[in-house]
Amino acid sequence: MLKQIKTAFITIILFSLVLSGCEPQPHVTEQTTEETEETTIVDTHSNDGRTVVGISMPDVLLERWNRDGAFLKEQFANDGCEVILRFANNLIDTQINDIRDMISGGADVLVITAVDGAALTKVLNEARAANVKIIAYDRLIMETDAVDYYVSFDNYQVGVLQANYVIGALLMVNSDKIYNIEFISGDPVDNNARYFYKGAMDTLDPFLEMNKIRILSTQSGFYETSTAQWSTDIAQQRLQIILNSYYPKGTRLDAVLCANDSTALGAAKAIEADYSGTNHVVLTGQDADIANIYNIINGTQDMTVYKALDQEAVVTVALCSSILDGNTPAEDLIEAANFSFDCSYDTTTYDNGVKAVPSYLLKPITINYQNLEKELFVTGYYQRNSSGLIYATK
Ligand code: BGC
């Protein structure tokens, strides 16, 4: 059937080039009229005198999302925005409902960390139809062209740092020993988890090729090592089963490469409960959560990968400001915002199945017993109270 002639009227109101944060702004409005069908894009947010930012976080129970939510809320509020912050309890339907509420609540921009990266296509189409801009925060949103930008850390590099730590801690280079290592990967519906896994596996590959690493459970693929919802309990149970099945007394386990801190907590508990060896088992993590910092201090976890969440929030707020000012930010945002930390712009790596999403990527760093004081306490990210208890200051 012949395509109908489409007439589009696009009214673009030119905006100031100067970043003006969340000051109320007029917005782009678009009307499309077809001969047979009339589609009016309902711009729920424009010209209502408010600038509304919807922040949809996956889970209130995990320390990092609490803190991300708080950082983002504070920074957007300082910029004069109204903020709707919701946590989805790791439930896809709750997140979809949260996003719908934000759209009808007049959101101009949505900052979303997806519970399931591939489950938001429909609701994001609704957001786009309402002329709402969409930022994928930390986790890429898959299978949609509605996502405008992605802000995250270099996820592949997280896995590289974890694997390099294991290689160094076990003195694997130039040794002819064989090492027994097990893997606890992240949630398979979180796109980041694959990047962490790939970064770690690519780095360990030369050792696997030379048979210097043995995985006695034989579980080495992404899915078979994955952990639904990044759950501490599921990670613990899986490692306990592995220890009881493949590590009888006298069989040494050298390391467990855990994708993040919540899974590392589970691994530490499993080792304490069910590992019969007396050697120290090297454990990795990610997020520098407070419970894991205690474990690094007491020696039950070896490292974590620190991702400065305040940096992620700062980049996100600068990006949203620029978008709300009517710009189409690209690499120029990094110079214009004059960030005091490393941030790179990438237009090729993060393909969501529909398009390569323009990404702003930050640099993760390794934290261990030696540098945690300098990186986390001297910088003021954490402090200790008079009883020595650690608390987050930012
Ligand atoms: C984040 C990690 C976090 C994990 C579990 C990932 O998407 O990048 O920092 O540990 O989700 O919430």
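Observations
- Pairs of Cα atoms in region 189-264 fall into 5 Å distance bins, from 0 up to the last occupied one, in shares of 3, 13, 24, 26, 19, 11, 2, 0 percent.
- Whether region 155-286 is rounded, prolate or oblate, judged on the alpha carbon gyration tensor where a/c under 1.5 counts as rounded: oblate
- Accessible surface of region 178-260 [probe 1.4 Å, protein heavy atoms]: carbon and sulfur percent: 52
- Cα gyration tensor category, rounded, prolate or oblate, for region 241-394 with a/c compared to 1.5: oblate
- Across the protein chains, with a 1.4 Å probe defining accessible surface, the residues THR349, THR251 rank THR349, THR251 from largest area downward.
- Peptides 291-298, 207-214 ranked from most to least packed give 291-298, 207-214, packing being the mean of other C-beta atoms within 10 angstrom over each peptide's residues.
- Label-reachable residues, region 215-236, where backbone N falls under 15 Å from a point 7 Å from ILE92's Cα toward its Cβ: 228-229
- At full extension, THR347 and GLU82 could sit 92.4 nm farther apart than now, given 0.36 nm per residue minus the alpha carbon distance.
- Take the Cα of ASN66, go 7 Å toward its beta carbon, and the backbone nitrogen atoms of region 219-251 under 16 Å from that spot belong to 232.
- Within the shell of other residues whose beta carbon sits under 12 angstrom from the beta carbon of VAL305, the net charge comes to -3, with Lys and Arg scored +1 and Asp and Glu -1.
- The chain: proportion of alpha-carbon pairs further apart than 30 angstrom, %: 44
- For SER175, net neighbour charge (Lys/Arg +1, Asp/Glu -1) across residues whose Cβ lies under 12 Å away: 0
- Using the Cβ-Cβ distance between ASP101 and LYS249 with R0 = 51 Å, the FRET efficiency computed as 1/(1 + (r/R0)^6) comes to roughly 0.40.
- Three-way shape label, region 75-233, alpha-carbon gyration tensor, a/c 1.5: prolate
- Computed accessible area, TRP230, all protein chains, 1.4 angstrom probe, square angstrom: 20
- Taking the Cα atoms of region 271-318, the ratio Rg/Rh between the radius of gyration and the Kirkwood radius comes to 1.19.
- Å² per residue, accessible surface of the chain at 1.4 Å: 44
The values are calculated or read from the model by the stated rules, or taken from the named source; none is laboratory data. Note that the coordinates shown come from a computational prediction; the quantities given were computed from them, not determined experimentally. Methodologically, a virtual Cβ is constructed for each residue, glycine included, from the backbone with ideal geometry; neighbour enumeration extends over all protein chains shown. Calculation scope for accessible area: heavy atoms of the full protein, side chains included, ligands and nucleic acids excluded. Shrake-Rupley method; radii C 1.70, N 1.55, O 1.52, S 1.80 Å.
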